Amino acid sequence: MRRLLLFDVDGTLVRGGPAKVAFHEALVATYSATGPIEVHEFSGKTDPQIARELLRLAGLDDASIDAGLPSLFERYVDGLRDRLPAAPVEVLPGVHELVESLAEAADVALGLVTGNVLEGARLKLAGPGLDGLFEIGGFGSDSEERNDLPGIALERARERWNVHFGPDEVFVIGDTPRDVECGRAHGLRTLAVATGSYGDRELRAAGADVVLADFSDARAARDLLLAG
Ligand SMILES: [Mg+2]
């Protein structure tokens, strides 16, 4: 058995933390605008996608948005780093046990597919000690399009482990229909977990191969991810 498991971050491994506050501050500092950040849907989207959607709604054109993105994400990452000690993320039930048991399993490679920019993902996972377990990934800093991210992660896995993982050997794991869609776009297997803002029915309707309420039964989740 050989497996590549690509985990989303927010709503899947962790929740909470100061990301939205840090993002808000970075938008104001960079563009003097935030758009409708309090009501906008963030889940399953990449960080640059969220920035572009908000700033377009604030009336900015794409050239102005693009010109500010490097400063925006520099400020955002700095803000996240400053704020995380006082407002740490919460690790979701069963995640420590699940991920640590997978990391110890033979022939299992762990990575991330997340809309977070790379440094944002690393910072969120570093506090609870999860960052070192995911050696490769596809990130919002690689592409604004979530559907691009599994392909980027697969390429990095090929470089890292010198293994070409077949579609049946890869699970994309996340908490939103967008996670499921990006895995399906590459013909990969998908496991959805209803610990974000979507329920069992919406995740099944998106076409997830497996849907779990949460990872509290870490052993069962592990067996599902390693089956077949
Ligand atoms: Mg998520």
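Any read-out appearing in this document is the output of simple, stated calculations on the displayed coordinates, not a laboratory observation. In this text, all values refer to a predicted model and were calculated from it rather than measured experimentally. Note that each Cβ is placed from the backbone with ideal geometry, even for glycine, and that neighbours are counted across all protein chains shown.
For this structure, a couple of remarks:
- Between residue 201 and residue 41, full extension at 0.36 nm per residue minus the direct alpha carbon distance yields a gain of 55.7 nm.
- Shape of region 19-83, Cα gyration tensor, a/c cut at 1.5: oblate
- Label sites at residue 58 and residue 164, each approximated as a point 7 angstrom past Cα along Cα to Cβ, lie 4.6 nm apart.
- Beta bridges per DSSP with both ends in the chain, % antiparallel, nearest 5: 10
- Against the main long axis of the alpha-carbon atoms of the chain, helix 95-104 sits at an angle near 60°.
- Rounded to the nearest 10 degrees, the angle from helix 19-31 to the longest Cα principal axis of the chain is 40 degrees.
- Bridge orientation summary for region 1-122: considering DSSP beta bridges with both residues in this region, about 25 percent are antiparallel.
- Think of it as helices only: each DSSP H run of n ≥ 4 in the chain is worth -39500 (n - 2.57), and spread over all residues that comes to -13500 deg cm²/dmol at 222 nm.
- Count Lys and Arg as plus one, Asp and Glu as minus one, and take only other residues whose Cβ is under 12 Å from that of residue 166; the net charge is then +2.
- Modelled FRET efficiency - R0 41 Å, residue 107 with residue 81, Cβ distances, 0.05 increments: 0.75
- In region 23-86, the GluC sites (Glu not before Pro) that fall in loop regions by DSSP, at most 11 other Cβ within 10 Å: 38, 41
- Look at the dipole of region 127-228 built from charges on Cβ: of 151, 187, 127, the Cα furthest out on the positive end belongs to 187.
- Relative contact order of the chain, pairs being alpha-carbon contacts under 8 Å that are 6 or more residues apart, as %: 26
- Between amide H atoms placed 1.01 Å from N, distances below 5 Å from residue 190 occur with 172, 209, 210, all of them 5 or more places distant or on a separate chain.
- A full extension of the chain between residue 216 and residue 147 corresponds to an added length of 22.0 nm, given 0.36 nm per residue minus the alpha carbon distance.
- Charge context of residue 221, other residues only, Cβ under 12 angstrom, K/R +1, D/E -1: -2
- A simple count of charges around residue 36, restricted to other residues whose Cβ falls under 12 Å of its Cβ and scoring Lys, Arg +1 and Asp, Glu -1, yields -2.
- Residue 109 long-range amide H proximity, modeled H, under 5 Å: 3, 4, 5
- When only Cα pairs below 8 angstrom with a gap of at least 6 residues are kept, region 19-83 shows a relative contact order of 47 percent.
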